[in-house]
Amino acid sequence: MVRKALLAVAFVGVSGSLAVAQDHRVEIAGTAGWTFSDGVGGANAVVVPGVGTFTSIDPKDAFSWGLRLGFLVNENVEVGGLFNLQSTKLEAGGTTTVELGDQKIYNYHGYIAYNFGAADSKARPYFLGGAGVTQYSGLTTIGNREIGGNTQFSTTWALGVKMYPGHNVGLLLEGRWTPTYIKSDSEGWWCDPYWGCYVVGNAQYSNQFELAGGITLRF
């Protein structure tokens, strides 16, 4: 009788542990970090008399923060959405650097992530890829180069690790890259005997490289 009781207790304990591991279907995370940003440039310099010659427009590196919500479709695959905001300054660069004003860069992305390891592992490395839009809060123009006032298509890519000292609360460390298409500059003509001649463009992207940490909750 005692033996049966002990077996029943062990069975309940194992079942409870498996339930804890399997029942985590939702993850909510908040992050904060530092984003290294760059903008776009052009072949044609813009000369501002008495100020300087400018060839690029760039957001400054600055603090950033974000929120995300993910749903685990199985033990490893996660789908969700993330929001990120960088509050920064916009600069014109060239022979000198001039600060143009404040700018906020918003990122809205849907994503798919793969979490390595078992659901109850204390540390879970992951890879994340997503697509969405990046929105610039203001409009700044120097010559024919501009960033701002609009929303552009972007992707986002991340490598990170989630560490769980407990069952539901964990720490998150992540490096994430978000390239945003801004414009294309003409590089000249390309001719083909069949297709004819057309202008070849050079696409330019504004890049954000974020190093962040945060808290993740799973339910």
On full extension of the chain, what length is gained from Leu100 through Ala118, given 0.36 nm per residue of separation minus the C-alpha to C-alpha distance? 1.6 nm
In nm, give the distance between the simple-model label positions of Trp157 and Ser87, each being 7 Å from the Cα along the Cα-to-Cβ direction. 3.1
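None of the figures in this text is laboratory data; all of them are computed from the coordinates on show. From a predicted model like this one, the values you see are computed outputs, not experimental measurements. Note: ideal-geometry Cβ built from the backbone for every residue, glycine included; neighbour counts use all protein chains shown.
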